[in-house]
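Chemist: Sharing a structure below in structure tokens format, with a few things to ask.
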Amino acid sequence: MKKPYSEYPPLDPNAVVASKNGLTALWRLMSGSHGDYLLSAWPRAISATARAGLYLFLGWFVDHILKESRFGSELLLSAAGFVGLILVQATSSFLSNQLAAQTAESSTRRLRDMLFDHIQRLSFAYHAEVKTGDLLERASSDVDTLRRFISDQAVGVARIIAIFIINFTAIMQLNTRLALVSIIIVPVILVGSILFFRKLSKAYEAYQEQEAVISTNLQENLSGVRVVKAFARQTFEIDKFEKNNYEKYKRGRKLNLMHSLFWPISDTFCAAQLVGSNILAAFMAIDGVITLGNYISFTGLLGWLIWPIRNLGRLIVDTSRALVSLKRVTEVLRVAQEPLLEGSYIPAQGVQGSISFDHVSFAYEKDRPVLEDISFECQAGQVVALLGSTGSGKTSLVNLLPRFYDVTAGKILLDGVDLREYPRHYLRSQIGIVEQEPFLFSCSIRDNITYGITREVSQEEIEQAAREAAIHDVIMEFANGYDTLVGERGVTLSGGQKQRVAIARTLLINPRILILDDSTSSVDMETEVEIRQALQTLMENRTTFIIAHRIQSIMSADLILVFDQGKIVQSGTHDRLIQQTGIYRSIYEIQTRIDSALQEEIDRVHVL
Amino acid sequence: MSTYYDENELDDNVPIKSNVLKRLFSTLRPHWKALLGGVIAIVVVSLLDAYFTILSKRIIDEGIILQNKAAILRLFTIYGAIVLVQAVSVFFFVYLVGLQGESVRYDLRKNLFNHLQDLSLSYFSKTPLGWIMSRVTSDTEKMAELLTWGVIDTAYAAVSIVVSAIFILTINWQLAIIVLLSLPVMIYAALKFRLRIYHHYRLSRKANSRMTASLNENITGVRVVKALRREDRNLNDFKVLSSAMYRSSYRAAYLSALFQPTIQMISAVSLGLILWRGGIKVELGAITIGGLQAFVSYIMMILWPIQDLARVYADMQNAVASSERVFSLLDTKPGINNRTDARQSPLWQEILLSRMCPSATRRTSRLSAISASISRTASRSPWLDRPAAGKRPS
């Protein structure tokens, strides 16, 4: 019954998103499993019928076998029939649950895969706006809610309705008046439970929100344990946590009170119905309107008619929550993916690396310009340095090069061709980025260094890149060498070490264009020397854009661009700029002063 | 449900050590009154449940068969009264047990958090944050579950089984033997199933946390993913994880779907036997029709709790494993760095070392050797001559 994964059609996000309402969308999500799901409905009906049949059979057994004293082979056959009915009920129940589970699991697997792929292909602008935690929740816990809906709740609703219809019909067969009297309480219970579970849902959400608050509180406290100890804030932290902890206790208490009131009260209502109907049925049995066997069947059937109604209320409320989750998931699916292959120009001889900006402007939103009228040129292999305060547009400019964003006015030319003609996929293979805080993945060091390479790489090539990045010796000191895992499960690298792995990674890619996002301002001075050497190696023969905060890093650049509020205010080489009065000179002077003061202090400690 | 799940946890085959259990239950001590109230209430509910069955029997035998309408009214009035008493009891037990559950959770979280504030920095350097988070959020949950619902379910099941067994033995001991003989098979099957289902469920939770971690990493590092054109390969890597999740999740669901029908089949055989032999006994007047119906009901009251007990046992393994981890955290002593004779707070040591030792890994291994010399020299440096901002143990 299980199809191999490859035979399921891949999910199409557009089809899902185009659905008019939630349930249709959910149906489309289950494509490929429709047969299984519908198939699971039949055993469910059979199971409900078999269960009702059991009670009817019990009644028949009492009337025709026990009362009429047929204790011979009929008794044995009846007992065997009884076992047979249970067998039918058990088997069909198993089948329907198994098919439903299969549908749920395979649908959610495809949904997860689809979401993963979709999210990573969304535009950089989207990622910059959206919180990671929010996306993560939609892709994991909302998907899980949908899974539970398909496998439990949808099935549960269908099952209860099926049982209700079948049992009601069975009771009708016994006696119409009895049947009608017996369901008086049903609408009351149903409405009551829907109302209750709706309220409960809200209280439960509040409870879970508080749990998230506690989680965040704890995480912040643990991550910042050094700060807490340094500033002796333990008492403050304990008090803060105490408040959050107690709040969760209070909300849990409220939730609990709601539960402890609902069940007994609804129990009483249901019991009242049962008592009333049973009295009526008993009188009818005495008066001969129905038989004793009928009475026994009736009591069994009635129980299954009434008690599940409360759960129906719960399931209906759960369904509305599942539809909320569905909406959250489809919201993500609605966002358009980044067109990676759009653009047709791929130079036969590869990229040289001469870049020119021609009156380029860029804004994230209409009236908040980030870059205004930027124009400059650089030849292949040159070093361009970008200097300026935070928010002056430096990072935004370099983000335009791999086409994370596109310009809003003007154009950028790469080797004389408009950047938009190059497909993003190709373009990014020619550009290497070393970030200020390099991001390494939790895999082995070797895998991290080869992260951007698609072809087979030999160990020598990897080690060569690592040597040039001045990280090879450090790697060999680890117990597992290049196989050492990075991250919590493995070794935690220092900032400088991460930098050098990232540099090795970039070296291996061998791009023509390099973007360095002030790679040395956040590490200590000893490591900086090693990194600087590695960076020098990296920058040879590559067009390099350096975003720098410190003059020391860029004094030898071929072109220095000084930014202020999105515009270039100064440009030229170091020697020319140092002679002009302006931002550049001021920054240079301040930084030189700070550096020498710092050096003095450190020298003093070294002396001791 | 907490999102932090320790990869290395797989709480199978955890021996249930009595000293851990004892310590676990001692956390209930401040709340013993609520627990007692809850247990009393649930025992009342359980006894009343058993009594309902007797009432049903009497209704059939004394009311319908003897054609006594007055008796029926009388019996149903008693039934109604019992329903009300039971409703009140249910209120109490749900309220008290729930309250106690929240109190236990609150206590455990508080104790853990406060203890964590005392631990040394070296503890935090070598213990992953996710591991600690798991202890405080998800392990305390499992412990509280066992201490509250675990106890209640066991009490209910025990009373149910004992009372029902007594009743069926009184109604007709020969039939009762048939039932009681099938119990060991039932218990064994129920236990085996539960443990297998839990095993796969835990595997699926592990797979789930791996998947979530991978997704998290992909989203956080999306810039690198795009810059290095890793979309296709990362998708393939992810598919491996989602497949693993699918397999274990489906297996758990499959076994769950199989569980109850299997138990039903086992009970069906003994029920069939009861009906056959019981039918014969009705003929012989050894049992009334009402008695037979009551008998069947009591059997149900033995069988369902057995499945519950299997679940409680499986939960107990979980809870014991969780308790061990939580207690090990609570037993971790605050580190040597906080001795009263420490000259420097550990924080300043770390800052100094990060300026002087290039490698983080080398730093931690040389910590103790260097700390001694630094505290000697630093006491003379003007740069470090500040009021101690670190912890002074009070």
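Bear in mind that the values in this text are calculations on the coordinates, not laboratory data. From a predicted model like this one, the values you see are computed outputs, not experimental measurements. So basically every Cβ, Gly included, is an ideal-geometry build from the backbone, and we count neighbours across all protein chains shown.
Chemist: What does DSSP give for chain A in terms of the percent of beta bridges that are antiparallel, rounded to the nearest 5?
Modeler: 50 percent
Chemist: Structure shown: which of A:229/B:110; A:240/B:33; B:22/B:126; B:142/B:333; A:240/B:333 lie over 21 Å apart, alpha-carbon to alpha-carbon?
Modeler: A:240/B:33; B:22/B:126; B:142/B:333; A:240/B:333
Chemist: Then there's this: What residues have an amide H closer than 5 Å to that of residue A:364, excluding those fewer than 5 places away on the same chain, when H is modeled at 1.01 Å from N in the peptide plane?
Modeler: Sorted by chain and number, the residues that satisfy this are A:370.
Chemist: Oh, and also: Using a simple spin-label model with points 7 Å from Cα along the Cα→Cβ vector, what separation in nm is obtained for residue A:459 and residue A:426?
Modeler: It is 3.7 nm.
Chemist: Oh, and also: Does anyone have the angle between helix A:459-468 and the longest principal axis of chain A? Alpha-carbon axes, 0 to 90°, nearest 10?
Modeler: 50 degrees
Chemist: OK, next. How much FRET efficiency would the formula 1/(1 + (r/R0)^6) give for residue B:162 and residue A:247, where r is the Cβ-Cβ distance and R0 is 51 Å, rounded to 0.05? The partial results should precede the final answer.
Modeler: Details: r = 42 Å, r/R0 = 0.82.
That gives a FRET efficiency of 0.75.
Chemist: Working out 0.36 nm times the residue gap between residue A:358 and residue A:510, then minus their Cα-Cα distance, what length gain in nm do you get to one decimal?
Modeler: My answer for the length gained is 52.0 nm.
Chemist: Moving on to the next point. Which of the chymotrypsin sites (Phe, Trp or Tyr not before Pro) found in segment A:353-383 are loop residues per DSSP with 16 or fewer other Cβ atoms within 10 Å of their Cβ?
Modeler: Values: sites: A:357, A:362, A:364, A:376; in loops: none.
Taking segment A:353-383 and a limit of 16 other Cβ atoms within 10 Å, no loop chymotrypsin sites (Phe, Trp or Tyr not before Pro) are found.
Chemist: I've got another one for you. If the label point is 7 Å along Cα→Cβ of residue B:260, which residues in segment B:177-194 have backbone nitrogen under 20 Å from it?
Modeler: B:186-194
Chemist: What list of ³J(HN,Hα) couplings, whole Hz, do you get for segment A:504-516 from phi and the Karplus terms 6.51, -1.76, 1.60, once you set θ to phi - 60° and write x for glycine and proline?
Modeler: Taking θ as phi minus 60°, the curve returns 4, 4, 5, 4, 5, 5, 6, x, 7, 10, 10, 10, 10 Hz for segment A:504-516.
Chemist: While we're on this one: Quickly work out the residue B:331-to-residue A:537 label distance, labels modelled 7 Å from Cα along the C-beta direction, and quote it in nm with one decimal.
Modeler: 5.0 nm
Chemist: What do you get for the angle between helix A:41-60 and the principal long axis of chain A? Use alpha-carbon atoms, 0 to 90 degrees, nearest ten.
Modeler: Taking the Cα atoms of chain A, the angle to A:41-60 is about 30 degrees.
Chemist: Okay, next question. Short version: ³J(HN,Hα) in whole Hz for each residue of segment B:135-152, in order, from phi by Karplus 6.51 cos²θ - 1.76 cosθ + 1.60 (θ = phi - 60°), x for Gly and Pro, what are they?
Modeler: Residue by residue, segment B:135-152 yields 4, 6, 8, 8, 5, 4, 4, 5, 5, 5, 4, 5, 5, 9, 5, x, 5, 5 Hz.
Chemist: Taking a label point 7 Å from the Cα of residue A:439 along the Cα→Cβ vector, which residues of segment A:374-411 have an amide N closer than 18 Å to it?
Modeler: Inside the label zone: A:395-406.
Chemist: Roughly how large, in nm² to one decimal, is the mean projection of the convex hull of the alpha-carbon atoms in segment A:489-598?
Modeler: 8.8 nm²
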